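Below is one structure, written out as structure tokens, with a few remarks after it.
Values in this text are rule-based calculations from the coordinates and carry no lab data. Model, not experiment: these values are computed from the prediction. As a convention, Cβ positions derive from the backbone with ideal geometry for all residues, glycine included, and neighbour counts pool all protein chains shown.
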Amino acid sequence: MKRVLIVFDSKFGNTEQLAREIGAGIQATGTAEASVINIKIVGDQDLSNFDAALFGAPIHAFRATSGIKGAVKKAAKMGLDGKLVAAFDTYQAPGHKGRAAGQIRDLLMKKAKGAKFFSEDLTSLVDGYEGPLNAAEPARAREFGQRFAQELGE
């Protein structure tokens, strides 16, 4: 069975919830298992045990968080070559949609040149400054996780 590491940074818990929904979608396929971890412990992981990795954070001050950027850099140094990778984010203002995920993907492309990139990223709406996730987002995240697992299995 394939193994997927999902790394998140979360200020109010919305991005963590999104990460867990993505993980649930991955596991629902029965072809992969997902480990969801906070950025604080990414350095403790043995990435050789994983076939894929996803990285996600909220957008803050027009940027992906510094914490997720540091986690991506650590993971890239530990080895993402040959692994399927993707990015996800949460946003509240329409002008921020996909901004953090795009920055995470750009950083992955720069630091993990040997990685394989999933065909899409996930960006999810948060209702209000502190949340919660928009009601449609958990189902979208599970579907995204299923598509990710499917591509990983191909």
### Query
How about Lys116: which lysines have a C-alpha closer than 17 Å to its C-alpha, ignoring those fewer than 8 places off in the same chain?
Lys2, Lys73, Lys77, Lys83
### Message
As a footprinting exposure proxy, order Phe12, Phe88, Phe144, Phe62 by other Cβ within 10 Å, with the fewest listed first.
### Response
Phe62, Phe12, Phe144, Phe88
### Query
Computed on alpha carbon atoms, what radius of gyration and Dmax characterise the stretch 2-153, expressed in Å?
13.7, 39
#### Entry: Centroid-to-centroid separation of the stretch 9-58 and the stretch 70-133 [C-alpha atoms, Å]
12 Å
### Query
Roughly what % of DSSP beta bridges within the chain run antiparallel, to the nearest 5?
10 percent
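With each run of n ≥ 4 DSSP H residues scored as -39500 (n - 2.57), what mean residue ellipticity at 222 nm is computed for the chain after dividing by its residue count and rounding to the nearest 500 deg cm²/dmol?
Numbers: 4 runs with 59 residues, N = 154.
Here the helix-only value at 222 nm equals -12500 deg cm²/dmol.
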## Note on the structure
Least to most buried among Lys11, Lys113, by other C-beta atoms within 10 Å and fewest first, runs Lys113, Lys11
